[in-house]
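Asker: Structure incoming, see below.
The values are calculated or read from the model by the stated rules, or taken from the named source; none is laboratory data. Given the structure is predicted, the values throughout are model-derived calculations rather than measurements. Cβ placement follows ideal geometry from the backbone for every residue including glycine, while neighbour counts extend to all protein chains displayed.
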Amino acid sequence: MLGSSSGAFNACVQQTVRLVQPNSIMELGCGQGKFGELLRQTGSAANLTGVQKIFSGNDIALLEGKGYRQIIDRDILDFYREGFDENYDLIVALDVIEHFLLSDVMSIIHFSLYRANYLLLVWPSAHPQSASNNAFDRHRASFDLKEVSDRFDVVFYSQTGFAQMHYMHRYHIVLIRGFMNPNVLPPFIA
């Protein structure tokens, strides 16, 4: 079963993609293809690759129907540990990095910045979650902007969330400039 994520950050993600104007995108953990849908809504014709462990025969057709041109059927950590040489305008991880240990998150960020002009991350803070349907559902890391901005060139940051029962779900949205990227973005206008 492919995972899904909150819609609380959709508008901010769409606006960020409009500013970056990527031609090639790799999404880590594309789940049910929400990001592909968001791209279609913005009118983007970017070449979209997804790295996603496939669980059933229907998953690939679902993702292709949402605009993914290539699906890499791999566990994200295994894919990153082996390394890859392709370069992208944008690498995206929406509501996925909290499922890894913090040391693995920092390794993924670091390697991504060698392979992309920008890295767009969205993650919840301090939101415990157990593995109910599959082992990939478990949350393993929580961190804040300072842990990212002290190490990397953050060019945009926002925060959003929603209340549910007695808990506030807070999401961080951060765009990080790749190591070889000299571009300056226009001002963010919501």
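Asker: Of these, Leu77, Leu90, which one is among the hydrophobic types (A, V, I, L, M, F, W, C), in contact with a Pro (Cβ under 6 Å, 6 or more places away or on another chain) and within 28 Å of Asp150 (Cβ to Cβ)?
Answerer: Leu90
Asker: Run Tyr88 past the list (1) surrounded by fewer than 17 Cβ atoms within 10 Å (Cβ to Cβ); (2) aromatic (Phe, Trp, Tyr); (3) within 24 Å of Phe179 (Cα to Cα) and report the number of the one that doesn't hold.
Answerer: (1)
Asker: Kindly provide the set of residues from the range 156-185 that are more than 27 Å from His110 (Cβ to Cβ) and either at pLDDT 85 or above or assigned to a loop (DSSP other than H, G, I, E, B) (or both), ordered by number.
Answerer: Scanning the range 156-185 gives Met165, His166.
Asker: Go through Ser125, Ser112, Ser142, Ser130 for me and flag whichever is under 25 Å from Tyr80 (Cα atoms), at pLDDT below 85 and touching a strand residue (DSSP E or B) at 6+ places or on another chain (Cβ under 7 Å).
Answerer: Going through Ser125, Ser112, Ser142, Ser130 in turn, the sole match is Ser125.
Asker: I would also like to ask the following. I'd like to check which strands (runs of 3 or more DSSP E) are fully inside the range 3-90 and have at least 1 residues that are more than 15 Å from the chain's Cα centre (by Cα) and at pLDDT 95 or above. Write out each step before concluding.
Answerer: On the way: elements: 24-28, 47-51, 68-72.
Answer list for the range 3-90: 47-51, 68-72.
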